[in-house]
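Any read-out appearing in this document is the output of simple, stated calculations on the displayed coordinates, not a laboratory observation. All values reported here derive from a predicted model rather than from experimental measurement. All Cβ positions, glycine included, derive from the backbone under ideal geometry; neighbour counts span all protein chains shown.
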Ligand SMILES: Nc1ncnc2c1ncn2[C@@H]1O[C@H](COP(=O)(O)OP(=O)(O)O)[C@@H](O)[C@H]1O
Ligand SMILES: [Mg+2]
């Protein structure tokens, strides 16, 4: 059982608090992604799990064992970084074998593990090459292979794809997903600021902001039921449209008046005491549909920008919140021109409502 337990984990650099008390349970074999904007503390948390950073406060358990003072080499962990850090003068084979040689592993075992790792990462035909003769994606796969060879109980990745161009990023991401299936018992923790990587790789996502956990959940859970505005805006692309609103009727359903004057009733209950309070109304770009002027539309506005991407069309609609166009994402191509007045609607079940502090009103 190689689960991890983090209890009130804190980190400060001098007087600067970076992590404010992280509580988290990670199960054996789980693929957990830490996601959040740059500087929120993802790498710091990962490095603390690896043992590369001291723990300022709280307790960390791996396999049920308190590891606060256990050195990195004794934690059964392997880590892959953004920079591959391969030895330039060593072949792919020797780069992957190096750690095991140092550890005094026997030759047959080294050979078996290197070849198995190379096979699973499709690197077999490159084993005799030097890193400089490989693409960025292949180099990162060598770095991953080197980590696999150490037979880790917990596999840590810190933004392993950020140095790769878009196409290689997708290919290597698929490689990592495949690896996760092959190594089903190995716990993996993966740090990224890219919500697409988080959504596609994770069993569970941990959303961090400014040193705190905002929400933990399965990818679609975060997408469909974000706990607050931060998660709502961070997960999904383009981001959820948010319109300031006022609660004009509360109860088993809630009526809000949006900035711009339109009144909308949502199937979301709110306590009667919320009546009169300010709130934020949310709707995702992909949940909006074109409506007729006589329909029960959600809002109207003027098309400011049309982006035709082939598979989808993005419309930027002005007229509701000044300088904050509403983004509409429509499948396929549409004959829409700038300056056109349009109406949009959305299914009631797809609407979101947040209180003045950004917390979600639960359905
Ligand atoms: N060695 C350090 N000394 C002082 N501050 C640091 C150090 N390492 C990280 N920080 C600060 O901690 C915060 C979190 O950093 P980091 O974990 O690298 O964020 P992320 O990986 O989410 O981008 C940042 O504000 C960063 O400036
Ligand atoms: Mg980082």
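I'd like the orientation of helix 107-120 relative to the chain: the angle between its Cα long axis and the longest Cα principal axis, in ° from 0 to 90, rounded to 10.
20 degrees
Arrange 362, 113 by Cβ neighbour counts within 10 Å, fewest through most, would you?
Arranged by neighbour count, lowest to highest, 362, 113 become 362, 113.
So, by mean Cβ neighbours within 10 angstrom, what's the order for 247-258, 45-56, 14-25 with the highest one leading?
For the peptides 247-258, 45-56, 14-25, the packing ranking is 45-56, 247-258, 14-25.
Arrange 60, 342 by Cβ neighbour counts within 10 Å, fewest through most, would you?
Sorted ascending by nearby Cβ count, the order is 342, 60.
Over all pairs of distinct alpha carbons, what does the Kirkwood formula give as the hydrodynamic radius of region 241-354, in Å?
14.6 Å
Looking at the chain, what % of its DSSP beta bridges pair antiparallel, to the nearest 5?
75 percent
Angle check, please: helix 136-149 long axis (alpha carbons) against the longest principal axis of the chain (alpha carbons), in degrees 0 to 90, nearest 10.
Between the helix axis and the principal axis of the chain, the angle is about 60 degrees.
Running a GNM on the chain with Cα contacts under 10 Å, which residue among 325, 271, 285 ends up with the highest mean-square fluctuation?
271
Based only on other Cβ atoms within 10 Å, what is the fewest-to-most ordering of 361, 61?
61, 361
Test of understanding: what is the full-extension gain from residue 108 to residue 185, defined as 0.36 nm times their sequence separation minus their Cα-Cα distance?
Additional length available on full extension: 25.3 nm.
Please work out the Cα center distance from region 174-209 to region 219-249, rounded to the nearest Å.
For region 174-209 versus region 219-249, the Cα centre distance is 22 Å.
Test of understanding: what is the full-extension gain from residue 296 to residue 171, defined as 0.36 nm times their sequence separation minus their Cα-Cα distance? Don't jump to the answer; show the numbers that get you there.
Details: separation 125, 0.36 × 125 = 45.00 nm, distance 4.44 nm.
Difference between extended and current length: 40.6 nm.
Please check: in the Gaussian network model of the chain (C-alpha springs, under 10 Å), which one of 148, 62, 290 has the largest mean-square fluctuation.
Of the options given, 290 has the highest mean-square fluctuation.
If you line up the long axis of helix 166-182 against the longest principal axis of the chain, both from Cα atoms, how many degrees apart are they, to the nearest 10?
70 degrees
Return the FRET efficiency for the residue pair residue 10, residue 362: r is the Cβ-Cβ distance, R0 is 30 Å, and the value is rounded to the nearest 0.05.
It comes to 0.50.
Just the Cα atoms of the chain: what Rg and Dmax do they give in Å?
24.5, 78
Say we join alpha carbon atoms closer than 10 Å with springs in a Gaussian network model of the chain; which of 122, 140, 215 then has the biggest fluctuation?
Of the options given, 122 has the highest mean-square fluctuation.
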